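Only one structure is covered here, and it is reproduced in the block below.
The values are calculated or read from the model by the stated rules, or taken from the named source; none is laboratory data. For clarity, every value in this text was computed on a predicted model and none was experimentally measured. Cβ atoms come from the backbone with ideal geometry, glycine included; neighbour counts cover every protein chain shown.
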Ligand code: MRU
């Protein structure tokens with residue numbers, strides 16, 4: 001595949017008057033696109049994981065606000081009534097999934113265009129701008145992250161933080177793609193990612209179709225591979241990064257960070273600035289989505305666990321800042337105190353005018369905790 005086609009799969013687009021989503025529940029078996037023209041159906045698609053991944057649900061949520069505006073146009077609403085319809089719909093869309101800050105952030109941006117007097121076309125332009133900015137952020141994240149990796153390295157990644165989870169190209173897989181282009185990448189280990197298998201189904205699908213070497217492992221094999229010297233870096237995505245640098249990401253990320261720390265392997269989080277949330281003080285303030293028991297106890301409608309057994313199924317966990325080597329953003333690589341500086345700059349001005357003062361890549365690793 002040509003270099004500029006890497007990561008070119010687009011999980012969220014808008015065609016005619018409809019939101020078009022790749023149905024990620026059907027991958028890798030079938031590549032099916034769903035056309036959605038109603039914002040309530042878009043909310044259901046986000047909840048049911050037709051579309052998933054923090055930036056991708058943000059982009060889909062932004063376009064869902066456009067669908068609500070189109071419905072208001074069709075209903076003949078104008079002025080205050082039109083804006084109220086859009087604002088009420090936006091509030092519901094933003095609640096579709098609670099953990100990823102990108103959803104509320106993107107919905108808020110499109111809804112703000114309506115509150116400022118913009119019509120449906122202005123909202124659509126705002127949603128399109130969010131999508132385009134996400135893809136270019138991911139390419140920059142790829143360049144920043146690839147520079148951190150050693151030659152001939154094997155990278156372990158969790159869940160799917162690829163093109164499918166974003167506007168395109170991916171965050172963690174953006175780093176993987178750029179490292180592959182740079183000739184640095186020997187192997188990607190993709191954790192299966194229980195219970196919905198985003199790693200085995202989606203990450204493996206994305207990388208294989210581009211000829212990037214990928215090996216699927218059971219989640220429980222990760223620490224052992226590290227112990228055996230098979231892994232040189234861990235790179236994961238993020239759903240929300242709190243003010244103190246704590247990171248919410250797919251359940252299992254925390255365990256990987258502990259294992260990486262024990263084996264002195266750098267642990268990188270790749271995320272766009274839109275995933276930074278200065279309003280959330282620390283990881284303890286992040287709402288962790290709890291998903292249905294059936295995701296764990298059933299497989300394709302067949303029950304695997306005894307009837308009546310109690311189940312807990314958190315979709316995300318929090319990795320404390322001290323276990324994270326660096327956060328790779330489109331604006332630079334953040335280590336330790338840099339995170340606080342960036343969060344302050346985010347608070348100080350409107351999102352569109354943010355200019356971030358980020359350091360460049362420093363040579364070597366600068367973990368903030370000692371290792372046993
Ligand atoms: O439940 P999911 O599949 O939406 O969870 C996705 C993740 O945890 C990703 O790692 C995260 O959203 C970053 S995607 C660039």
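Reported count of residues in the range 159-178, each being within 6 Å of the ligand (Cβ to nearest atom) and not in a loop (DSSP other than H, G, I, E, B), is 1.
Going residue by residue through the range 217-227, is there one that turns out to be in a loop (DSSP other than H, G, I, E, B) and either under 22 Å from residue 263 (Cα atoms) or out of contact with any strand residue (DSSP E or B) (no Cβ under 6 Å at 6 or more places or on another chain) (or both)? Give the steps one after another, and end with the answer.
Of the range 217-227, the ones in a loop (DSSP other than H, G, I, E, B) are 218.
If we keep only those that are either under 22 Å from residue 263 (Cα atoms) or out of contact with any strand residue (DSSP E or B) (no Cβ under 6 Å at 6 or more places or on another chain) (or both) as well, we get 218.
Within the range 217-227 (the criterion being in a loop (DSSP other than H, G, I, E, B) and either under 22 Å from residue 263 (Cα atoms) or out of contact with any strand residue (DSSP E or B) (no Cβ under 6 Å at 6 or more places or on another chain) (or both)), the answer is yes, since at least one residue qualifies.
In the range 200-218, what residues are more than 21 Å from residue 58 (Cβ to Cβ) and either modelled with pLDDT under 95 or within 11 Å of the ligand (Cβ to nearest atom) (or both)? Scanning the range 200-218 gives a single hit, 201.
Going by the conditions given, is residue 165 buried (at least 22 other Cβ atoms within 10 Å of the Cβ) and touching a strand residue (DSSP E or B) at 6+ places or on another chain (Cβ under 7 Å)? Even if it seems obvious, please write down each step before you answer.
Values: buried (at least 22 other Cβ atoms within 10 Å of the Cβ): yes; touching a strand residue (DSSP E or B) at 6+ places or on another chain (Cβ under 7 Å): no.
Here the answer is no, as residue 165 does not meet what is asked.
Scanning the range 282-338 for residues that are within 17 Å of residue 244 (Cβ to Cβ) and modelled with pLDDT under 95 turns up 335, 336, 337, 338. Among the residues of the range 41-55, some residue qualifies, meaning at least one is away from the ligand (no atom under 16 Å from the Cβ) and farther than 22 Å from residue 201 by Cα.
Taken over the range 306-342, residues that are touching a strand residue (DSSP E or B) at 6+ places or on another chain (Cβ under 8 Å) and either more than 21 Å from residue 172 (Cα to Cα) or surrounded by fewer than 11 Cβ atoms within 10 Å (Cβ to Cβ) (or both) amount to 3. Every condition in (1) surrounded by 23 or more Cβ atoms within 10 Å (Cβ to Cβ); (2) more than 30 Å from residue 80 (Cβ to Cβ) holds for residue 211 except the one numbered (1).
Pairs are defined by a Cβ separation below 6 Å, a sequence spacing of at least 6 or placement on different chains, a first member in the range 161-179 that is touching a residue at least 12 places away in the same chain (Cβ under 8 Å) and under 9 Å from residue 56 (Cβ atoms), and a second member that is assigned to a helix (DSSP H, G or I) and within 9 Å of the ligand (Cβ to nearest atom); the pairs so defined are 164/202; 165/56; 166/55; 166/56; 166/138.
Just for the range 229-264: of the residues that are part of a strand (DSSP E or B) and under 21 Å from residue 188 (Cα atoms), which one is farthest from the ligand (Cβ to nearest atom)?
First, the residues of the range 229-264 that are part of a strand (DSSP E or B): 233-236, 240-242, 247-250.
Narrowing further to those that are under 21 Å from residue 188 (Cα atoms): 233-236, 249-250.
Values: 233: 16, 234: 12, 235: 11, 236: 6, 249: 5, 250: 3 Å.
So the residue we want is 233.
Considering each residue of the range 2-17 in turn, at least one proves to be over 25 Å from residue 271 (Cα atoms) and touching a residue at least 40 places away in the same chain (Cβ under 8 Å).
Scanning the range 182-198 turns up no residue that is touching a strand residue (DSSP E or B) at 6+ places or on another chain (Cβ under 6 Å), touching a residue at least 24 places away in the same chain (Cβ under 8 Å) and closer than 30 Å to residue 17 by Cα.
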